[in-house]
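Asker: Dropping a structure here in structure tokens format, bear with me for questions.
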């Protein structure tokens, strides 16, 4: 399959990049991690104005989608700038409500998600995943347990996370919205959308880490020359670049497969998720090593990207689970 982003998609990516660069997202991330969601909600509204959330919502509910390829384009830029908040969970919740087939429930929530007025979170409850991301900041937390979908009525204390800007807590109580096999099918689809968006987010994050590390290697001098001139450093950066370049077509191919409804879309998404997640994690390790002791300091904005890379690696599909899905007969 030959695939290239069209001019409109590339322009969309550039406009998001320019907007987020001007927004100084590092300060927004730090505020979100401290529990101050005001700057994050303001940025969320600007993303909505740019049309990000409409890409996950069908036209009959004031959206433009679902458009998986365009959604990955947006999430690459969101990852590049480490935008905080339950972005993945919101678009996954939109996918679940759309696939559920309940027009009343969809009409109650999807227009608000498309307009950026509803910050959502989604928890597919299991023993391994008992938490919802950013439930304290979300307007609606959708919880799937077995074949039951409910709207959480409260949440427990915020738990510690490797990435302080990711604030998980246990959803509690709430009213049942739907029950039956349709919930199970819709939840499986939502998980695929979440994994794809996370893969795109990881790809953008890895690119940002590589760009920052290359810039630092050009400036940092040792023995009178930039450390970027050392062969070992060049090889490490080249390996990181190759891994990210290899992940990019897998992410786009998975988005195309999901959009077409291919029977292999789940496997394609798993391949994209593990490849992009491992590439971003490798980029974080490279950035940490080549920045030396400076890379360990919390004051350096780079730490916000490094911490997020490890969290995204396991979010919505651990590497082992994704590999098992790819290798399954």
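Asker: Among the residues of region 86-95, are any at pLDDT 95 or above, more than 19 Å from residue 251 (Cβ to Cβ) and not in a helix (DSSP H, G or I)?
Answerer: Within region 86-95, one or more residues are at pLDDT 95 or above, more than 19 Å from residue 251 (Cβ to Cβ) and not in a helix (DSSP H, G or I).
Asker: Can you report the number of residues in region 287-321 which are part of a helix (DSSP H, G or I) and either crowded, with 24+ Cβ neighbours inside 10 Å or under 15 Å from the mean Cα position of the chain (by Cα) (or both)? Step through it out loud before you land on a result.
Answerer: Kept after step one, since they are part of a helix (DSSP H, G or I), are these residues of region 287-321: 287-296, 302-314, 319-321.
Then keep just the ones that are either crowded, with 24+ Cβ neighbours inside 10 Å or under 15 Å from the mean Cα position of the chain (by Cα) (or both); that gives 287, 304-314.
Residues meeting the conditions: 12.
Asker: Next question, about the same structure. All but one of (1) under 28 Å from residue 311 (Cα atoms); (2) modelled with pLDDT under 95 hold for residue 175, so report the exception by its number.
Answerer: That leaves (1) as the condition not met.
Asker: Given (1) crowded, with 20+ Cβ neighbours inside 10 Å; (2) touching a residue at least 24 places away in the same chain (Cβ under 8 Å), identify the lone condition not met by residue 9.
Answerer: The failed condition is (1).
Asker: Moving to a separate point now. State which residue is surrounded by the fewest Cβ atoms within 10 Å (Cβ to Cβ) when the search covers only region 135-172 and only residues that are under 24 Å from residue 105 (Cβ atoms) and in contact (Cβ under 8 Å) with a residue 60 or more places away in the chain.
Answerer: Residues of region 135-172 that are under 24 Å from residue 105 (Cβ atoms), as a first pass: 135-155, 169-172.
Remaining after also requiring in contact (Cβ under 8 Å) with a residue 60 or more places away in the chain: 136-137.
On the way: 136: 17, 137: 20.
Looking at residues that are under 24 Å from residue 105 (Cβ atoms) and in contact (Cβ under 8 Å) with a residue 60 or more places away in the chain, I get 136.
Asker: Taking residue 186 as meeting all but one of (1) within 30 Å of residue 250 (Cβ to Cβ); (2) touching a strand residue (DSSP E or B) at 6+ places or on another chain (Cβ under 9 Å); (3) surrounded by fewer than 20 Cβ atoms within 10 Å (Cβ to Cβ), write down the number of the exception.
Answerer: For residue 186, the exception is condition (3).
Asker: Right, another one. Tell me whether region 261-269 contains one or more residues that are in a helix (DSSP H, G or I), in contact with a helix residue (DSSP H, G or I) (Cβ under 8 Å, 6 or more places away or on another chain), under 21 Å from residue 78 (Cα atoms) and modelled with pLDDT of 90 or more. Spell out the reasoning first.
Answerer: Going through region 261-269, the residues in a helix (DSSP H, G or I) turn out to be 265-269.
When the remaining residues are screened for being in contact with a helix residue (DSSP H, G or I) (Cβ under 8 Å, 6 or more places away or on another chain), the result is 265-269.
Now drop any that are not under 21 Å from residue 78 (Cα atoms), which leaves 269.
Right, trim to modelled with pLDDT of 90 or more and you get 269.
Yes: one or more hits.
Asker: While we're looking at this one, here's another question. Looking at the structure I just gave you, is residue 101 out of contact with any strand residue (DSSP E or B) (no Cβ under 6 Å at 6 or more places or on another chain) and surrounded by fewer than 23 Cβ atoms within 10 Å (Cβ to Cβ)?
Answerer: The answer is yes for residue 101.
Asker: Among the residues of region 98-120, write down those that are more than 28 Å from residue 18 (Cβ to Cβ) and either free of Cβ contacts under 8 Å to residues at least 24 places away in the same chain or within 18 Å of the chain's Cα centre (by Cα) (or both).
Answerer: Selection gives 103, 104, 108.
Asker: So which residues in region 110-143 are in a strand (DSSP E or B) and closer than 20 Å to residue 60 by Cα, if there are any at all?
Answerer: 120
Asker: Residue 107 versus (1) at pLDDT 95 or above; (2) out of contact with any helix residue (DSSP H, G or I) (no Cβ under 6 Å at 6 or more places or on another chain); (3) in a loop (DSSP other than H, G, I, E, B): which is the lone unmet condition?
Answerer: So the condition that residue 107 fails would be (3).
Asker: Modelled with pLDDT of 95 or more and either under 19 Å from the mean Cα position of the chain (by Cα) or under 19 Å from residue 188 (Cβ atoms) (or both) - does that describe any residue in region 233-244?
Answerer: yes
Asker: Could you tell me which numbered condition residue 3 fails, if it satisfies all but one of (1) touching a helix residue (DSSP H, G or I) at 6+ places or on another chain (Cβ under 6 Å); (2) on the phi < 0 side of the Ramachandran plot; (3) crowded, with 16+ Cβ neighbours inside 10 Å?
Answerer: (3)
Asker: Related question: Taking only region 173-183 into account, find how many residues are surrounded by 14 or more Cβ atoms within 10 Å (Cβ to Cβ) and more than 18 Å from residue 140 (Cα to Cα).
Answerer: The number of residues fulfilling the criteria is 1.
Asker: Evaluate the following for residue 35: is it closer than 19 Å to residue 132 by Cβ, touching a residue at least 24 places away in the same chain (Cβ under 8 Å), more than 18 Å from the chain's Cα centre (by Cα) and outside any helix (DSSP H, G or I)?
Answerer: It is true that residue 35 is closer than 19 Å to residue 132 by Cβ, touching a residue at least 24 places away in the same chain (Cβ under 8 Å), more than 18 Å from the chain's Cα centre (by Cα) and outside any helix (DSSP H, G or I).
Asker: Give the residue, chosen from 241, 203, that is surrounded by fewer than 18 Cβ atoms within 10 Å (Cβ to Cβ), in contact (Cβ under 8 Å) with a residue 12 or more places away in the chain and either part of a helix (DSSP H, G or I) or in contact with a helix residue (DSSP H, G or I) (Cβ under 8 Å, 6 or more places away or on another chain) (or both). Please lay out each step first, then the result.
Answerer: Numbers: 203 fails: surrounded by fewer than 18 Cβ atoms within 10 Å (Cβ to Cβ).
Among 241, 203, only 241 is surrounded by fewer than 18 Cβ atoms within 10 Å (Cβ to Cβ), in contact (Cβ under 8 Å) with a residue 12 or more places away in the chain and either part of a helix (DSSP H, G or I) or in contact with a helix residue (DSSP H, G or I) (Cβ under 8 Å, 6 or more places away or on another chain) (or both).
Asker: In region 122-131, is there at least one residue being more than 21 Å from the chain's Cα centre (by Cα) and without any contact (Cβ under 8 Å) to a residue 60 or more places away in the chain?
Answerer: Yes, region 122-131 contains a residue that is more than 21 Å from the chain's Cα centre (by Cα) and without any contact (Cβ under 8 Å) to a residue 60 or more places away in the chain.
Asker: Now a separate question. Using the structure shown, decide if residue 252 is crowded, with 18+ Cβ neighbours inside 10 Å and either within 28 Å of the chain's Cα centre (by Cα) or within 28 Å of residue 301 (Cβ to Cβ) (or both).
Answerer: yes
The values are calculated or read from the model by the stated rules, or taken from the named source; none is laboratory data. Remember, predicted model here, so these are calculated numbers, not experimental data. Every residue, glycine as well, gets a Cβ built from its backbone with ideal geometry; the counts of neighbours run over all protein chains shown.
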